[in-house]
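Novice: Could you have a look at this structure, given as structure tokens, before my questions?
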Amino acid sequence: MSLFTITVAPRTACVEYRRGVLARVLTSGRHRRARGARYVAIDLREAPLAVAPQEVLTADGVQVRTSATVRYAVSDPVTWLERTADPLGTVYLATQVALRDALGALQVTDLIRRGAGLPGAALTASVAAVAVEVGVEVIEVVVKDVILPAELRSATLELATARQRGAAQLEMARAETAALRSLANGAKLLDEHPALADPAAPGRPDGYAARPHRQRRHRRDSYSATVTIAE
């Protein structure tokens with residue numbers, strides 16, 4: 001640490017006060033240190049702000065629990081230091097209010113169907129409008145969880161199970177119908193062509209050609225035996 005210079009790290013701002021009055025804002029790099037000045041370093045990097053789960057009423061009066069995370073960064077170091085004693089507390093409160101308003105306009109069926117897919121752009125805009133007044137830029141508000149009451153979770157699980165069971169039964173019924181249709185077509189074909197049911201019928205070349213072949217071979221064997229006895 002030098003008595004004559006001050007080095008500001010990357011992605012950091014340093015606010016200089018002289019005799020309790022704002023003098024200047026130093027950016028990254030080396031600067032000449034003012035005599036008797038006080039320096040306050042502000043981190044300008046992006047950071048997350050976790051919002052703890054809170055209970056909110058939906059439009060149809062169902063109580064749900066939701067949590068979120070705010071991605072933010074300090075945009076104005078002077079406003080961050082001088083506007084309020086707790087800038088993050090202001091952003092935290094604005095996020096809670098925005099979540100309450102967003103969930104209060106939805107039915108519980110919308111939450112079941114969409115889960116945590118709430119309108120993120122509207123939430124971000126609502127929180128950013130408050131955060132900019134305390135020197136904070138809100139990059140995104142991410143809804144992490146929407147927790148339904150245990151009764152609704154059980155009912156939703158039963159409904160999903162019933163749907164899957166019904167789909168399986170429908171597929172089994174379709175398979176049985178296809179098998180019965182195949183049997184009916186085979187029976188109809190036999191009724192129209194009865195010769196297909198007889199293995200020795202002329203319509204079956206294999207059975208029909210086998211008998212003459214065996215008869216001819218038997219005759220040749222008998223003839224050869226007769227000739228031998230005559231000699």
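Every read-out reported here was derived from the displayed coordinates using simple, explicitly stated rules and does not represent laboratory data. What you see is a predicted model, and the numbers here were worked out from it, not measured in a lab. Please note: Cβ atoms are built from the backbone with ideal geometry, for glycine as well, and neighbour counts cover all protein chains shown.
Novice: Placing +1 at every Lys and Arg Cβ and -1 at every Asp and Glu Cβ, with all other atoms neutral, what dipole size does the stretch 65-108 have around its Cα centre, in debye to the nearest 20? Mind showing how you got there, number by number?
Specialist: Numbers: 4 positive and 4 negative charges, 47 e Å.
The dipole magnitude comes to about 220 debye.
Novice: Peptides 103-111, 137-145, 166-174: what's the order by average Cβ count within 10 Å, highest mean first? Intermediate results must be reported in sequence, preceding the final value.
Specialist: Details: 103-111: 16.1, 137-145: 17.8, 166-174: 10.0.
Final packing ranking: 137-145, 103-111, 166-174.
Novice: Return the distance in nm (one decimal) between the two label points of a simple spin-label model at ARG65 and THR109, each offset 7 Å from Cα along Cα→Cβ.
Specialist: For the pair ARG65/THR109, the computed spacing is 2.7 nm.
Novice: Is the stretch 1-157 rounded, prolate or oblate when judged by the Cα gyration tensor, a ≥ b ≥ c being the square roots of its eigenvalues, rounded requiring a/c under 1.5 and prolate requiring a/b larger than b/c?
Specialist: prolate
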